[in-house]
Structures are given as structure tokens and as C-alpha cells.
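Beneath this line is the structure, given in C-alpha cells, with notes to follow.
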Amino acid sequence: MQRTAMKFFYRMDVSGLMIALLIVLLSAPMTGAWARTSIAEEVPAKATRKKTVLRGRASWYGREHQGHRTSNGERFDRNKYTCAHKTLPFGTRLRVTNPQTGKAVVVRVSDRGPFRHQRILDLSEIAARPLGIVTHGAVSVIAEVVSAETPLGPTDAPADLAALASDSTTVALATSIEPGTTEAADVVKVAEPAPTFIVQAGTFGDVRNAEAVQNRILALDKTLNVRVATNVQAGKPLNRVIVDNLTDRASAELVQKKLQQWGIAGLVRQKENL
């Protein structure tokens, strides 16, 4: 009986010691491996974001649209760094780079367009000028979505410009970003279409003269796709009569010869160089 009682009290003492030890351990500050494990659990892993990249030809618009309402309701100002895109949300900022020169600008989407064939962006005059678009009318560019805090205006070309320009690597591009920043976006790859050809049948300052030539060509051959393309250079409108959508140079040269037989001079041009 006495031995049984001693075992009971011994067990009580051991249990008490274990409880006391557990309390001490729980109340002590975490150090070493325990602390490192806890910190690691509190820091979420970095997210991976694919860049939104567009490739294609960009044109510009300027004085003739000055003060007009854009699609988002503001008034167009050719001296502000803005652009038009068909689908990107208004306010989206893009770094647009001419890969041939390495010149780049950051612009804000404020309008819808362009609505001309084979164009991905229309830039305001001030944004288009350093990229050489005002000089050439349109150039091939690479555009990538950047954060809303990125300053507008001239900027450095992206460090990975060569990779962005490569069809084989663009879809694999990814950057590490801290959690809580802008949500990841899929790559939008706009490849340049295969070149087509046109025959330019005259350039006129007065649109009525251009339309007269257009109507004359259509009266002679209704199967031809003839249009008048108007743009502004040095503040003056230029109206070009164009026979469009010719799939190769040989087809364009046949149309050119037909126009010559009708007394209309024509110039064969590759459409991507317009």
C-alpha cells in the first residue's frame, strides 16, 4: 500500500515538471531554426508576371485632330504623350520603342484606333517624333505595358529589347515581381503581317481631285479596290489615290501597266513601307 502511494506521488511530480517545462518553452522568445521557419512562412513567394508585349507598325496623328474629343472623353492634345489602341483599357501606359534606333517613349492610352490596316498604335505627334514616325509616316515598334507610375515621355529602351524583338522568345519572357503589385498579364504578341503591295495612282492636295481619279479608275475596272488615303505632312493634307490589297509585286505591276494604258501614272509600293 505504501509502495503504491509513492508511485502515485512520483507520477504527479513528473507530470508537474513536464507542464512547467512546456510553459517555459512556450513563453521564451523564438530563436534559431524555429524563428527562421516562422519568418519563411510569413514571406510569400515572389509572383511571376509575363510582360504584355505588342509588335507591329505604329503611325501618328497631330494637328488635324487637335482639340477633338477622344474616345475616353478628353480633348486630344498633340503635345501630350498619348496614344490610341483598339482594346487596351484607357489609362494603360506603354513603353513604345523603335528597335532600329533604340529610341523609346512612354505614352498613355486615351483613344481608340488606329483603324487603318496593319497598324497597332496611333501616337500623338510629340510621342511619335523621337521614334521617327513623323518623318516616315509609320514604323515598326515594340510596345510593352508598364506600371501606372511610370513617367510619361522619352525614356530608355528596355534592357531586354533584343529578347522582346525575337518571335521565338517573347512568349517565354517573365519577370519576378513582389506580391501585391499589378496582377500578372498574359503576353499579347502582335506579329507583323506579310507585306502586300499597292499602286499609288497620284497624290493631291485637294481631295476632290483625288476622288475624281478614284472614280475614273473604278469606271474603267470595278473589280479594283481603289481608295483615297489622307494624311497630313508639314501641316498640309495629302490625298493619295491607292489601288489596294495586291498580294504580290507581279500583281501590282500588272495593275500599274493597266493604269498606264488609261493614261494614269502609277507607282508600285510595298504596303508595309507606307
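The values are calculated or read from the model by the stated rules, or taken from the named source; none is laboratory data. None of the values given here were measured: they were computed from a predicted structure. Ideal geometry is used to build each Cβ from the backbone, glycine not excepted, and the neighbour counts take in all protein chains shown.
Here are A201, A210: which of them is in a helix (DSSP H, G or I), closer than 21 Å to A138 by Cβ and over 29 Å from the mean Cα position of the chain (by Cα)? Please lay out each step first, then the result.
Details: A201 fails: in a helix (DSSP H, G or I).
Testing whether each residue is in a helix (DSSP H, G or I), closer than 21 Å to A138 by Cβ and over 29 Å from the mean Cα position of the chain (by Cα) leaves just A210.
When the strands (runs of 3 or more DSSP E) confined to region 57-168 are screened for residues that are buried (at least 21 other Cβ atoms within 10 Å of the Cβ) and touching a residue at least 24 places away in the same chain (Cβ under 8 Å), those reaching at least 2 such residues are found at 82-84, 93-97, 104-111, 121-124, 139-146. How about region 88-113: which of its residues are among the β-branched types (V, I, T) and touching a helix residue (DSSP H, G or I) at 6+ places or on another chain (Cβ under 7 Å)? Those that are among the β-branched types (V, I, T) and touching a helix residue (DSSP H, G or I) at 6+ places or on another chain (Cβ under 7 Å): V96, T97, V105, V107.
Matching residues to (1) at pLDDT 65 or above; (2) more than 26 Å from A163 (Cα to Cα); (3) touching a strand residue (DSSP E or B) at 6+ places or on another chain (Cβ under 6 Å); (4) not assigned by TED's automatic domain parsing to the domain that holds L152:
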site: A5; (1), (2), (3), (4): no, yes, no, yes
site: E41; (1), (2), (3), (4): no, yes, no, yes
site: T87; (1), (2), (3), (4): yes, no, no, no
site: T92; (1), (2), (3), (4): yes, no, yes, no
site: G102; (1), (2), (3), (4): yes, no, no, no
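The condition of being among the hydrophobic types (A, V, I, L, M, F, W, C), modelled with pLDDT of 75 or more and under 27 Å from V139 (Cβ atoms) holds for only one of A234, A194, A172, A229, that being A229.
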